[in-house]
1. Find how much the distance from GLN160 to GLU228 grows on full extension, using 0.36 nm per residue of separation minus their present alpha carbon separation; answer in nm with one decimal.
2. May I ask which of LYS43/LYS99; LYS202/LYS267; LYS170/LYS222 have a Cα-Cα span longer than 25 Å here?
3. Tell me, what HN-Hα J-couplings in whole Hz come from the Karplus equation 6.51 cos²θ - 1.76 cosθ + 1.60 at θ = phi - 60° for each residue of the range 23-29, using x for Gly and Pro?
4. Sequence-distant or interchain residues sharing an amide H contact under 5 Å with TRP268, placed H: which?
5. Compute the distance in nm between two label points, each set 7 Å from the Cα along the Cα-to-Cβ direction, one at GLN181 and one at THR169.
6. Put +1 on the Cβ of every Lys and Arg and -1 on every Asp and Glu Cβ in the range 34-74; which of ASN52, VAL63, LEU42 then has its Cα farthest towards the positive end of the dipole?
7. Across 10 Å bins from the origin, how do the percents of Cα pairs in the range 2-113 run, short distances first?
8. Spelling out what I want: for every residue of the range 206-217, take phi, set θ = phi - 60°, compute 6.51 cos²θ - 1.76 cosθ + 1.60 (Karplus), and round to whole Hz; glycine and proline get x.
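Coordinate-derived values only; no laboratory data. Nothing here was measured: the structure is a model prediction, and the numbers come from that model. Cβ sites come from the backbone with ideal geometry, for glycine too, and all protein chains shown count toward neighbours.
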Amino acid sequence: MNNSIDFIAQSVIQNLESGVLVINDEGDILLVNPSALKHLKLKHHILQPGKNIFHIKELTPFVEIYKELLDKKESISRRKITLDIEEENILGLTSSLIKEGDKILGAVFLFTDLTQIKKLQHEAEVNKQLAQIGTLTASIVHEFRNPLGVILGMTEFLIQKTADKPELTKNLNLILKETEQLNLLVNQFLSFARPQEVYIQKQTTDFVIEKAINICSHIIEKHSAIIEVKKIPKNLQFIFADADKLSTAIANLIRNAIEVQMEQDKKWVRISVDSDGECIIIRIEDEGPGLPEKIKKHELFKPFVTKKKGGTGLGLSIVQRIVMGHRGWVNCHNRQPRGAIFEIGIPLEPAVGFPNEIPPKTG
């Protein structure tokens with residue numbers, strides 16, 4: 001009878017969706033279930049019975065929890081902890097000591113991965129911000145666009161007429177540069193706040209990429225940037241996307257890659273296409289200074305966050321919003337030996353019942 005109960009208990013623990021980790025009083029692992037390995041993203045040879053949590057750097061938050069249990073002698077319930085494994089993971093954890101009378105035998109940790117939930121909460125927060133910005137934009141953006149167009153046109157005209165007056169031309173070029181920057185901010189602000197309806201169609205992948213490069217043709221030519229496009233694998237020749245929207249997102253990343261290399265003689269951008277089995281991945285690489293060390297990845301995509309001189313802080317937010325509309329994802333990391341890599345993941349197949357799969361009829 002006891003053997004049957006033990007078998008049932010072991011079976012339940014091994015099949016729980018929550019991770020289970022049991023240690024003795026010295027921190028040696030006594031039991032770990034498959035879900036624990038999954039949530040912690042650790043291999044079996046790292047996290048297995050006999051190993052000590054004090055010697056596994058990825059489990060530092062668990063060590064801190066265990067020390068707190070020993071200090072306070074009270075169970076810990078629904079504690080959120082952050083693990084820096086590959087990328088930031090958030091766990092919801094409950095833990096308590098295992099005791100026999102007054103003797104402490106060890107501790108048990110029960111935890112689940114909250115990362116996806118936090119991502120959904122973040123998306124909801126972004127959508128709320130978008131709604132607020134949209135209301136503000138509707139009332140002011142057109143008040144700026146028309147005067148800016150006049151200033152740009154007249155400045156360009158005066159530059160042509162004053163070519164023989166260097167000092168005046170220099171000041172006019174400064175006006176032109178600052179007005180173009182303000183015009184970019186207004187246009188991106190409008191693009192960011194405008195409702196992003198996505199109309200999915202089967203497109204050729206190279207068409208979307210070429211369209212993005214064409215959008216950036218002015219800045220590419222202006223700075224003699226080298227755009228290298230790697231050959232697209234045969235099985236990734238097609239993509240389900242809104243060509244206009246997705247090419248705009250890619251163009252923003254290309255423009256960003258060029259702008260971060262402004263202080264360099266050579267401005268190089270590579271575009272390549274790959275897949276992880278679920279998504280087609282469009283990768284944009286540069287040889288700039290790389291991502292700032294003191295800013296978290298998700299903060300780069302927040303509205304008005306920028307470390308780039310003259311940046312609007314909206315380019316990456318627009319990218320994220322467009323890609324979210326495709327039910328995809330955006331990621332970024334540093335490139336070795338220098339530079340950064342931005343990746344856009346678009347599902348290989350549109351989800352069943354995906355809205356707006358057929359473009360609206362016109363006429």
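1. 21.0 nm
2. Check vs 25 Å cut-off fails for LYS43/LYS99; LYS202/LYS267.
3. Result, rounded to whole Hz: 10, 8, 5, 9, x, 6, 6.
4. Here the answer is ILE226, GLU287, since their amide H atoms fall under 5 Å of that of TRP268.
5. 2.3 nm
6. Going by the charge dipole, the pick is LEU42.
7. For the range 2-113, the binned pair fractions read 14, 48, 32, 6, 0 percent.
8. With the stated coefficients, the range 206-217 comes to 5, 5, 4, 5, 4, 4, 5, 5, 4, 4, 8, 4 Hz.
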